[in-house]
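Okay, so here's the structure we're looking at.
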Amino acid sequence: MYQILVADAINAEGLQPLLEYKDAVIIEKKVTDPEVELEKIDALLVRSATKVTEELFEKMPQLKIVARAGVGVDNIDVNAATKRGVIVVNAPDGNTISTAEHTFAMMAALMRNIPQAHQSVKNLEWKRNEFVGNELYGKTLGILGMGRIGTELAKRSKAFGMNVQVFDPFLTNERASKLGVQNSSLDEVLEHADIITVHTPLTAETKGLINEKALSKTKKGVYFLNCARGGIIDEDALATFIGNGHVAGAALDVFEVEPPGEYPLFKFDNVIVTPHLGASTREAQLNVATQVAKEVRMFFEDKPVSNSINLPAMSKDIFERIRPFHYLAKQIGSTLSQCINEGIQEISITFSGSVTDLETTYLTKALLSGFFKNRIDIYVNEVNALLTAKERGITVGEKISTNSFGYANCISVTAKSETRQFTIRGTFIDHYGPRIVYLNDFNIDFYPEGNLLYIQHMDRPGVIGRVGKILGDHSINIATMQVGRKQVGGEAIMILSFDKPIDDIAVNKLNELDDIVSMNHILL
Ligand SMILES: NC(=O)c1ccc[n+]([C@@H]2O[C@H](COP(=O)([O-])OP(=O)(O)OC[C@H]3O[C@@H](n4cnc5c(N)ncnc54)[C@H](O)[C@@H]3O)[C@@H](O)[C@H]2O)c1
Ligand SMILES: O=C(O)[C@H](O)COP(=O)(O)O
């Protein structure tokens with residue numbers, strides 16, 4: 001009998017597929033409840049309240065699946081789950097509409113002072129002049145993160161006559177024009193928007209996306225909304241800019257620490273808040289609970305799950321054969337994604353040599369999952385990679401070729417954006433491991449792992465030395481260095497690897513060097 005622990009408040013009706021499952025027993029208790037025998041639990045169902053940490057995994061040796069009844073998995077240590085072979089599933093689209101509607105409601109309430117006016121009338125006051133608001137009509141809404149929720153919010157805002165300007169590094173102009181929004185840089189949105197709302201996942205990259213520097217680029221009188229995750233807008237910086245009158249107000253549904261307790265932003269009348277209610281509608285809760293309950297049941301019935309975040313659906317035997325290429329494909333995808341920081345329209349993958357004996361479609365999906373890692377919040381894996389690409393308007397092509405460029409096997413990938421194309425090739429060499437052997441027209445040879453710096457530069461005497469000196473001056477030890485060039489004195493590339501992450505100050509110094517054309521920090 002499988003023991004399923006429902007640790008957060010999950011809609012009971014949605015749990016029906018599990019309640020009806022004769023091989024399972026449902027326990028509705030917190031993970032901290034002393035009555036729960038954590039060591040016997042097979043499946044864990046959570047929302048955002050329960051933190052599923054490495055420490056918790058250690059206490060749950062029988063755990064096989066964690067299901068998140070919602071989108072954000074930032075409360076789950078997915079790497080720790082993967083290491084332990086625990087599958088993680090979520091419900092990516094069940095609460096999209098509810099969250100977009102909540103964000104819209106917060107925006108309208110903020111612009112018309114509704115919470116403040118409501119409280120005032122209930123205090124037996126009648127201060128009509130104090131609560132004069134602003135129309136949404138004609139205002140520019142800046143959306144940072146144009147995924148599912150950003151897109152639904154844009155549609156609603158356009159219906160209210162707003163101009164919508166968006167920043168999402170992975171959005172193509174073609175898709176933006178289909179959605180009727182203006183595809184812009186972060187700075188353009190910051191400079192022009194009257195209201196700015198964030199809808200990215202919380203990742204290392206988006207933490208503090210709106211910080212003091214970003215706030216100082218905004219118009220005086222700008223409004224901010226955060227119905228995504230606490231921390232995307234730096235709360236201290238926001239408090240400073242509300243305090244000095246630059247930011248006219250903010251509406252927040254999420255906080256860096258939840259519940260936030262004594263909170264500096266609460267002292268401002270022009271900050272309105274809700275307790276993480278974005279997904280709290282009957283419809284969304286029924287949707288997400290049903291989705292995850294079905295997924296968990298499918299998993300226990302040995303059927304493929306569709307919103308799995310971290311594990312492939314295949315027999316152990318086949319997985320062992322494909323594993324080295326699976327790793328190579330993922331690293332190629334992730335390297336490619338970090339080398340080309342713009343919206344991609346097309347990804348073409350060509351397999352050649354011995355790898356063609358294997359299930360190449362699975363490798364294509366692995367490559368895409370590497371590509372989407374850090375770009376979107378749904379931890380794309382082999383199960384949902386193609387669908388995700390389709391949803392993002394990316395055409396994916398796969399073919400087999402007899403040309404393996406002299407290697408025993410080769411995976412060659414070309415990504416096309418609106419302005420350019422980028423090709424990367426990798427191979428797996430027995431007893432040696434995965435290698436990237438071609439990068440954007442240059443032959444090269446490096447191990448795709450760790451902290452890397454990809455530098456495009458001019459092949460001039462002293463460039464390598466100057467790079468080495470700057471890194472040395474910042475006490476940064478170069479572990480390996482590979483160089484490639486097409487002709488003497490022409491364009492060249494360098495791939496450096498480091499034992500530990502390199503700091504921004506050193507990267508900025510390197511960027512100042514004359515002969516450096518461009519630089520990408522790659523974390524694999
Ligand atoms: N308040 C709530 O109750 C609630 C409910 C649902 C989701 N959320 C939060 O909202 C987030 C977004 O949800 P979604 O379903 O729209 O996710 P999504 O994955 O569909 O969209 C996220 C978008 O952010 C973009 N992005 C990633 N990094 C970026 C960056 N640095 N700058 C700009 N854009 C970037 C991605 O390209 C993607 O299009 C979730 O991650 C979750 O944390 C909150
Ligand atoms: O990421 C999500 O799905 C939302 O933040 C909802 O979180 P909740 O399930 O705790 O309401």
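Things worth noting here:
- Some residue of segment 415-433 being among the small types (G, A, S), out of contact with any helix residue (DSSP H, G or I) (no Cβ under 9 Å at 6 or more places or on another chain) and open to solvent by 20 Å² or more (accessible area, probe 1.4 Å): no
- Count - residues of segment 91-118 that are in contact with an Asp or Glu (Cβ under 9 Å, 6 or more places away or on another chain), more than 16 Å from ligand 1 (Cβ to nearest atom) and assigned to a helix (DSSP H, G or I): 3
- Filter result (polar (S, T, N, Q) and away from ligand 2 (no atom under 11 Å from the Cβ)) within segment 275-290: T290
- Complete set of residues in segment 380-404 that are open to solvent by 70 Å² or more (accessible area, probe 1.4 Å) and under 17 Å from A329 (Cα atoms): L386, E398, K399, I400
- Evaluated against (1) in the same structural domain as S354 (by TED's automatic domain parsing); (2) at pLDDT 95 or above, E320 falls short on exactly one condition, (2).
- Failed item, numbered, when Y2 is tested on (1) closer than 30 Å to A250 by Cβ; (2) more than 16 Å from ligand 1 (Cβ to nearest atom): (1)
- Filtered residue count, segment 226-277, keeping only those that are among the aromatic types (F, W, Y) and within 26 Å of H192 (Cβ to Cβ): 2
- The one condition in (1) within 15 Å of ligand 1 (Cβ to nearest atom); (2) at pLDDT below 95 that R84 fails to fulfil: (1)
- Some residue of segment 472-492 being in a helix (DSSP H, G or I) and more than 30 Å from A176 (Cβ to Cβ): yes
- Scanning segment 137-146 for any residue that is in the same structural domain as A237 (by TED's automatic domain parsing), open to solvent by 30 Å² or more (accessible area, probe 1.4 Å), within 16 Å of ligand 2 (Cβ to nearest atom) and modelled with pLDDT of 95 or more turns up nothing.
- D77 vs. criteria assigned by TED's automatic domain parsing to the domain that holds K294 and open to solvent by 20 Å² or more (accessible area, probe 1.4 Å): yes
- Residues in segment 1-51 that are part of a strand (DSSP E or B) and either under 18 Å from A279 (Cβ atoms) or free of Cβ contacts under 8 Å to residues at least 24 places away in the same chain (or both): V6, I26, E28, L45, V46.
- The listed residue being of a type in the set (G, A, S), in the same structural domain as K330 (by TED's automatic domain parsing), under 14 Å from H521 (Cα atoms) and modelled with pLDDT of 90 or more, out of G465, G472, G450: G450
- Among the residues making up segment 154-187, those that are assigned to a helix (DSSP H, G or I), over 25 Å from T395 (Cα atoms) and not small (G, A, S) are R156, K158, L186, D187.
- Residue pairs meeting the criteria (Cβ under 9 Å; at least 6 apart or on separate chains; first away from ligand 1 (no atom under 11 Å from the Cβ), in segment 66-77; second among the hydroxyl-bearing types (S, T, Y)): I76/T50; I76/T53; D77/T53
- Flag for K220 being under 20 Å from N270 (Cα atoms), in contact (Cβ under 8 Å) with a residue 24 or more places away in the chain, of a type outside the set (V, I, T) and assigned to a loop (DSSP other than H, G, I, E, B): yes
- Scanning segment 265-276 for residues that are assigned to a loop (DSSP other than H, G, I, E, B) and either among the aliphatic types (A, V, I, L, M) or under 27 Å from the mean Cα position of the chain (by Cα) (or both) yields T274, P275, H276.
- Only one of the numbered conditions (1) in a strand (DSSP E or B); (2) within 13 Å of ligand 2 (Cβ to nearest atom); (3) of a type outside the set (G, A, S) is not met by D74, and that is (1).
- Tally, over segment 152-180, of residues that are buried (at least 23 other Cβ atoms within 10 Å of the Cβ) and either in contact with an Asp or Glu (Cβ under 6 Å, 6 or more places away or on another chain) or farther than 22 Å from A248 by Cα (or both): 2
- Hits in segment 346-370 - residues which are open to solvent by less than 50 Å² (accessible area, probe 1.4 Å) and outside any helix (DSSP H, G or I): I347, S348, I349, T350, F351, S352, G353, L358
- Residue count, segment 411-432 (criterion: more than 16 Å from S337 (Cα to Cα) and either aliphatic (A, V, I, L, M) or without any contact (Cβ under 8 Å) to a residue 60 or more places away in the chain (or both)): 4
- Test result for F57, in a helix (DSSP H, G or I) and within 30 Å of V296 (Cβ to Cβ): yes
- In segment 94-107 there is at least one residue matching the filter, namely being open to solvent by less than 30 Å² (accessible area, probe 1.4 Å) and within 30 Å of D33 (Cα to Cα).
- Note on segment 400-424: residues that are of a type in the set (D, E) and assigned to a strand (DSSP E or B) total 0.
- All positions within segment 252-264 that are outside any loop (DSSP other than H, G, I, E, B) and over 22 Å from P201 (Cα atoms): P264
- A single entry from R128, R84 fulfils the requirement of being more than 19 Å from the chain's Cα centre (by Cα), not β-branched (V, I, T) and not assigned by TED's automatic domain parsing to the domain that holds F255: R84.
The values are calculated or read from the model by the stated rules, or taken from the named source; none is laboratory data. For clarity, every value in this text was computed on a predicted model and none was experimentally measured. So basically every Cβ, Gly included, is an ideal-geometry build from the backbone, and we count neighbours across all protein chains shown. Accessible surface areas use protein heavy atoms only, side chains included; no ligands, DNA or RNA. Shrake-Rupley method; radii C 1.70, N 1.55, O 1.52, S 1.80 Å.
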